[in-house]
Amino acid sequence: MAKTENDLKVTKAWQNLVATYPGMANMASYIQNKSFNTDKRIVVVFSPDAVAPAGANGLSLAAGELTQGTAANIWVRAIREDVLINCGTAD
């Protein structure tokens, strides 16, 4: 069953969404950049690893963009400044 989680502020430090929202682990999940400012970007990494990725490798999402994936760990970080995201599981 799909579930939308509470919005989350993402900082420039890697954050594991699964630590905040355990129900997203190994489930079809989505992450959306809720910013309206085109300079506010986030990086998303769907990973089996419980260790934060190195650098800024991953999928970059601009304002309003969304991505989906399935992984044991879902890592996110802001590129320049804090960004509000929407996330949850999909059917």
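Semi-axis lengths, largest first, of the ellipsoid equivalent to the chain are 19, 15, 10 Å, with √(5λ) applied to each eigenvalue of the Cα gyration tensor.
Distance between the modelled labels on Ala63 and Asp49, one decimal in nanometres: 3.2 nm (7 Å Cα→Cβ projection).
Remark: the chain carries a charge dipole of roughly 180 debye about the Cα centre, counting +1 on each Lys and Arg Cβ and -1 on each Asp and Glu Cβ. Residues whose amide H falls under 5 Å from that of Ala71, counting only those 5 or more places apart or on a different chain, are Asn26, Met27, with hydrogens built in the peptide plane.
Converting phi to 3J(HN,Hα) with the Karplus coefficients 6.51, -1.76 and 1.60 and the offset θ = phi - 60°, region 78-86 yields 7, 8, 10, 8, 3, 9, 8, 10, 10 Hz in sequence order, with x at every glycine or proline. Exposure proxy for Leu59, Leu8, Leu17: other Cβ atoms within 10 Å of each Cβ, ordered fewest to most, give Leu59, Leu8, Leu17. Using the Karplus relation 6.51 cos²θ - 1.76 cosθ + 1.60 with θ = phi - 60°, the per-residue 3J(HN,Hα) values for region 4-21 come to 9, 8, 5, 4, 9, 7, 9, 9, 6, 8, 4, 10, 8, 4, 5, 5, 7, 10 Hz, with x marking Gly and Pro.
Quick note: the coordinates plus some simple rules give every number you see, no bench work behind them. Model, not experiment: these values are computed from the prediction. All Cβ positions, glycine included, derive from the backbone under ideal geometry; neighbour counts span all protein chains shown.
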